[in-house]
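Scroll down for the structure; my scribbles are underneath it.
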Amino acid sequence: MQLSSTPRPDNHERLPASAAERPSAPDRSPSRQGGAKTRSHDARDDIQADQRFLATLISNLPGYAYRCKPDAAQTLEYVSDGIVSLTGYHADDIVGGPVASRDEIVHPDDRDRVREQIDDALAAELPWSVTYRMRTRSGEERWAHEQGRAVYGRSDRIEALEAYVTDITEQKQAELELLDSERQLRTIIEHAPEAMLIMDLRAGHCVDVNENAVALFGYPREELLQLDFLELSPPHQSDGRDSAAAARALVDEVLAGRSPCVEWMQRDANGRGIPCEVRLVKLPSAGGTLVRASVTDIRERKRLQAQSLQAQKMESVGRLAGGIAHDFNNLMTAAIGYADLALASLPEGDAATADVREIRETAERAASLSHQLLAFSRQEIIEPRVLDLNQLIGKTERILRRLIGDEREFVTSLAAEPCLVRVDPGQFEQVLINLAVNARDATPAGGRITIATAHVDTDDRAAEDSAGGAPGPQILLAVSDNGSGMTDEVRAHLFEPFFTTKPVGAGTGLGLATCYGVVQQAGGMIQVESERGRGSAFTIHLPRPEEPIAPAPAQGDPQQPARGTETLLVVDDEPAVRAVTVRALRASGYAVIEAPNGEEALRVAAATSERIDLLLTDVVMPHMGGADLAAKLRAARPGTAVLFTSGYTEDAVVRREVGAEAIAYLAKPFSPASLSAKVREVLDAAGVRRA
């Protein structure tokens, strides 16, 4: 449309007509003069009608048309009425008015760009199409799109510029909002804690990924965008499912409108499996084939779950071991007691003496196994004190070298500063011996065994990963070898009682289980790193105490036979233990009253008028435990001394039940001599003595 043929609607002055529209010269012949005038009048009417039609059409268009001179100011010659609704300006304001240039309508920040684009189009003799901001009469900014062309005269010179302008503010705002939304979405994706993949099921590859996905899978972004979900998965999942079949089932769920969340084994650029949690969501798209996969690395979660399950399993096994040890100690108490009584009654030189001694020694060896079970289950009474671990290792080194043998190199690398720990010395010597023996057995052809200590400060994560305890200053003890190493399967069961890789009869399977229990009871954690053919390293972390080294307890004189005449109340629910205890004490001169449980003991005590000097009671009994019995008996008889005994218990439990006062305790199994000596010790400490 050439606006040069359109009249100004405000004053209806006709724009200069083009050459083709000009009427031809009048016919001067007399015969045609009247007809020529009629035809000329009709042509002018037709042209005016066309011009009115075009003016009406332009006025009703959603935008506005303009015509301006091709001068530097682009002076306006004509605008349509549509400019009123777009800018608030009227034609009189623009054509010959204060806003005589179209530049006044264009936003100042966009003018140079718009002129440059129009000049480039004119130079190429092409129409132009530009988008810019315009300013209305009220100062409001709106977006406009303009399409225009140059009008050439007879000499091929540009006579005018004509264009049509439409308001695209709503469209532009929508575009800007969409762009802003896309930027926000990009920000969300990039800052999401998990890896995100946008996959096009139809194209068969990713169309967008975030930096977490690049870091997780280890591919460059460009390469990752060419891969599909299956190429980022191993052929089979950890449960044996075919990955391709499982992925097809997931896609079916997504296309059905569900958002499945599953555990899925992924694979990185190096082929390593990565256990992940994957949530799939269908995204709105034209083809309906875009899927967002949110991938969370759950290796840490799996590790913690495995640790928790292992800890629960070891705790359950520990409770079982403690229960077995309790019953076992009762049996061994009876066996050792009766053996000692038999030895005391046999005449010198009797042939049965050797047999009874063998029975007793066998019972002692069985009792040592029971102590190891109790150490594993953390139910053995211990006497911890602060000591220097370096000194303990030095004290034990001679024994360790003898156990290891000359064919192996034994190296110690101890910290320069004292390594203070709070442990039971006897128990921890056993830990060192057990670990050294384990290293020896792992190096049958010779090798190197190293014991090292160090001061370490663990943060929260290191404590969780390495020590399993509270963060802070700790002492590290490492026993390593360059022997045969072990498989992952062996490592998984290493600290379980009775688990052993040695031939039948070559080991009890309690050595490392004992180490585990002792370290746990000391508030530490033991771990092992091993690789088949490359040796093993056992690492123990122990909390560093704040108090100084405690002096070693003084060693008393060798035990002397202990006797007495006091009255004792013996309470134990195990008949064999109670019987041998009563016999041993009566043989030592004591008067003994016995009862099978707490209720019966209180009844017997109430029925006798004789003074009861000492209560000897098992700690764990049905219905009424030893602590409750002692409290009730001492309430009725305040001067009664108490000696606790048990096949298993925790010192802290007894102290909590009895009170803050120091308690006397005798662990099972015990011999008649040790029983009599302990009874005498408790009576003397309480100031009880009968002539």
Q. Nearest 0.05, what FRET efficiency do residue 245 and residue 272 give at R0 = 22 Å with Cβ-Cβ as r?
A. 0.45
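Pull out the extension gain between residue 228 and residue 308, defined as 0.36 nm times the separation in residues minus the alpha carbon to alpha carbon distance; nm, one decimal.
Details: separation 80, 0.36 × 80 = 28.80 nm, distance 3.51 nm.
Separation in residues times 0.36 nm, less the Cα-Cα distance, equals 25.3 nm.
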Q: With r as the distance between the Cβ atoms of residue 529 and residue 417 and R0 = 25 Å, compute the FRET efficiency 1/(1 + (r/R0)^6) and round to 0.05.
A: 0.50
Q) Cα centroid distance between the stretch 250-278 and the stretch 127-186, in Å? A) 47
Q | Separation of the residue 187 and residue 684 label points, Cα + 7 Å toward Cβ, nm | A | 8.2
(Q) If amide hydrogens are placed 1.01 Å from N in the peptide plane, which non-local residues have theirs closer than 5 Å to the one on residue 160? (A) 151
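For residue 457 and residue 261 in the same chain, what is the full-extension length gain: residue separation times 0.36 nm, less their Cα-Cα distance, in nm?
On the way: separation 196, 0.36 × 196 = 70.56 nm, distance 3.95 nm.
Additional length available on full extension: 66.6 nm.
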**Q.** Sites residue 283 and residue 75, calculated FRET efficiency, Cβ-Cβ separation with R0 51 Å, nearest 0.05
**A.** 0.45
**Q.** Residue-by-residue Karplus 3J(HN,Hα) for the stretch 665-676, coefficients 6.51, -1.76, 1.60, Hz, glycine and proline x
**A.** 9, 10, 7, 7, x, 10, 8, x, 5, 5, 5, 5
Q: Please pull out the direction-averaged projected area of the stretch 104-206, using the convex hull of its alpha-carbon atoms, in nm² to one decimal place.
A: 11.4
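Starting from the Cα-Cα distance between residue 437 and residue 145, subtract it from 0.36 nm times their residue separation and give me the gain in nm to one decimal.
Details: separation 292, 0.36 × 292 = 105.12 nm, distance 8.83 nm.
Here the answer is 96.3 nm.
In whole percent, what relative contact order does the stretch 184-304 give with Cα contacts below 8 Å and a gap of six or more residues?
Working: 206 pairs, mean separation 30.0, N = 121.
Contact order relative to length: 25 percent.
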Q: In square nanometres and to one decimal, what's the mean projected area of the convex hull around the Cα atoms of the stretch 149-264?
A: 13.3
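Taken together, the values in this text are just the output of simple stated rules run on the coordinates, not laboratory data. Computed from a predicted model, the values in this text were never measured in an experiment. Cβ atoms come from the backbone with ideal geometry, glycine included; neighbour counts cover every protein chain shown.
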